[in-house]
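Okay, so here's the structure we're looking at.
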Amino acid sequence: MPCRGESPVSHELPPSGGRADNDSVSTTSIRASYLVFGQPLLEPPEMEEVLDCLRRAWLGTGPKAAEFERRIAAYKGVPHAVALNSCTAGLHLACLVLDLRPGDEVITTPMTFCATVNAIVHAGATPVLADVDPATGNLDPEQVERRLTRRTRALLPVHFAGRAAPMAELMAIADRHGLRVIEDCAHAIETEYRGRKAGTIGDLGVLSFYSTKNIVTGEGGMVLTRDAHFARRTKTLGLHGMSHDAWKRFTDDGHRSYDVEEIGFKYNMMDLQAAIGLHQLARIEAYWQRRQEIWQRYLRELAPLPLELPPPWPADERHALHLFTVQIDPRRCGRTRDEVMHGLHRRRIGTGVHYRSIPSFTVYRDRFGWRPEEYPAAMRLGQNTLSLPLSPRLSDDDVGDVIAALRQELLG
Ligand SMILES: *Cc1c(COP(=O)(O)O)cnc(C)c1O
């Protein structure tokens, strides 16, 4: 599974000894197998549940997707949850249900996956970037204030790496200016902020169950909202624009005629996907605990190295521990992030980059005229950041290999 959205270094590696490059990696430091970044842990219960779908020959949207919606809604303490085939689809629909018009502006972060920005564009609105807090990678409320215009309609913060965005300040800005708020919770299933769950603070929250995320369905996403109208429209638009629960037209509830209310999309989650998610959700705490152990070990054992570690967070927040990002400052390390990343790859350790800043990509520069230097904090993070493996799938030996490889890379 390649790390999403970032040029993952090729996983094809000649056996050690057969390497074309004659760098000084000693053969004893090379793992037997490649450590794939973000590989999920899949266990027998979800395998059984998938088989159950296959045996019943009910693959598409159905009772398992509905059950997954109920359980996520209960977990998050929110009345409505709509299961979709990706977080990207959810972000698109969340923007659409706000009825944004051409020229309306949505302020978001340059430190995110491209899908966040693309969703705004697909909904017909104009994305506007505000720079991030260099310590947390989250939207900086002061920068958001500076980007407000008469056309601003909504804010779209990302809870970066699983750390809560500064929601009190962002909601205060939204209240003062009559803006809607969509929370990109792709990293933030477990995130809590001052007693509230991420995704339930703004008007809509969107989760991802993509293969590298904290719990997975392969591809998958969910829209959360307290607003019954937003929920109904999300559901309708996500299934062709057909009236509510149109999937039931094929069940033993008997045939019902449906209406087509809007020009919609094909964004529904399959039972085959929900089958995996149901059992992943049951282990969400156990997986968080395992990532917490790995996180603490990284903090302890990487402390002597010349790199920056993720900062602590306030006691009244819960971090979802999705990404363990270190900053490789070439002035301090003597190596660039890309050099270290390639070095780790040669030692058969897969890492990720979350993210190169949005303005560093061609299409956004061409289309919106954004320049990376206008968002200096995001630009610097984008150049220096490296995400280490943090999956509950990792064994203690795997974690030891990551630490040893980094030590060799940085201390020689
Ligand atoms: C993964 C991710 C998405 C997209 O999620 P998909 O489920 O793959 O569509 C959106 N935003 C952020 C911040 C992400 O990390």
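Given springs between every Cα pair under 10 Å in a Gaussian network model of the chain, which of Y258, Y375, Y267 has the largest fluctuation?
In this elastic network of the chain, the residue with the biggest mean-square fluctuation among Y258, Y375, Y267 is Y258.
Starting from the Kirkwood radius over alpha-carbon pairs of the chain, derive D by Stokes-Einstein at 20 °C in a medium of 1.002 mPa s and give it in µm² s⁻¹.
For the chosen part, D equals 97 µm²/s.
Can you list, largest first and rounded to whole Å, the semi-axes you get for the stretch 44-282 by taking the square root of 5 times each eigenvalue of its Cα gyration tensor?
31, 20, 14
Gain in length, R371 to E43, computed as 0.36 nm per residue apart minus the alpha-carbon separation, to one decimal in nm?
This chain segment gains 113.6 nm when fully extended.
Rank-order 189-198, 98-107 by packing density, defined as the average count of other C-beta atoms within 10 Å over each peptide's residues, highest first.
Taking the mean over residues of other Cβ atoms within 10 Å, the ranking is 189-198, 98-107.
Taking the Cβ of T362 as the centre, find all other residues whose Cβ is under 13 Å away and add up their charges (Lys, Arg: +1; Asp, Glu: -1).
It works out to a net charge of +3.
Mind checking the full-extension length gain between Q292 and D338? Use 0.36 nm per residue of separation minus the Cα-Cα distance, one decimal, nm.
Result: 13.9 nm gained on full extension.
Of the trypsin sites (Lys or Arg not before Pro) in the stretch 280-315, which ones lie in a loop per DSSP and count no more than 12 other C-beta atoms within 10 Å?
Sparse-neighbourhood loop trypsin sites (Lys or Arg not before Pro): none present.
Suppose R0 equals 56 Å. What FRET efficiency, 1/(1 + (r/R0)^6) with r the Cβ-Cβ distance, do Q408 and D259 give to the nearest 0.05?
That pair, Q408 with D259, gives E of 0.30.
Could you check how much of the accessible area of the chain is carbon and sulfur, as a whole percent, using a 1.4 Å probe?
51
Contour minus end-to-end for A135 and C114, with contour as 0.36 nm per residue of separation and end-to-end as the Cα-Cα distance?
5.4 nm
Over 18 Å between C-alpha atoms is what I'm after, so list which of K76/K197; K197/K266; K76/K266 land there.
K197/K266; K76/K266
Applying the Karplus parametrisation 6.51 cos²θ - 1.76 cosθ + 1.60 with θ = phi - 60° to the phi angles of the stretch 130-141, what ³J(HN,Hα) value in whole Hz is obtained for each residue in order, glycine and proline being reported as x?
My calculation for the stretch 130-141 gives 10, 5, 9, 6, x, 7, 10, x, 8, 3, 9, x Hz in order.
The values are calculated or read from the model by the stated rules, or taken from the named source; none is laboratory data. Here the structure is a predicted model, which means the values were calculated and not measured. Virtual Cβ from ideal backbone geometry, glycine too; neighbours counted across all protein chains shown. Please note that ligands, DNA and RNA were not included when accessible areas were found on the heavy atoms of the full protein model with its side chains. Shrake-Rupley method; radii C 1.70, N 1.55, O 1.52, S 1.80 Å.
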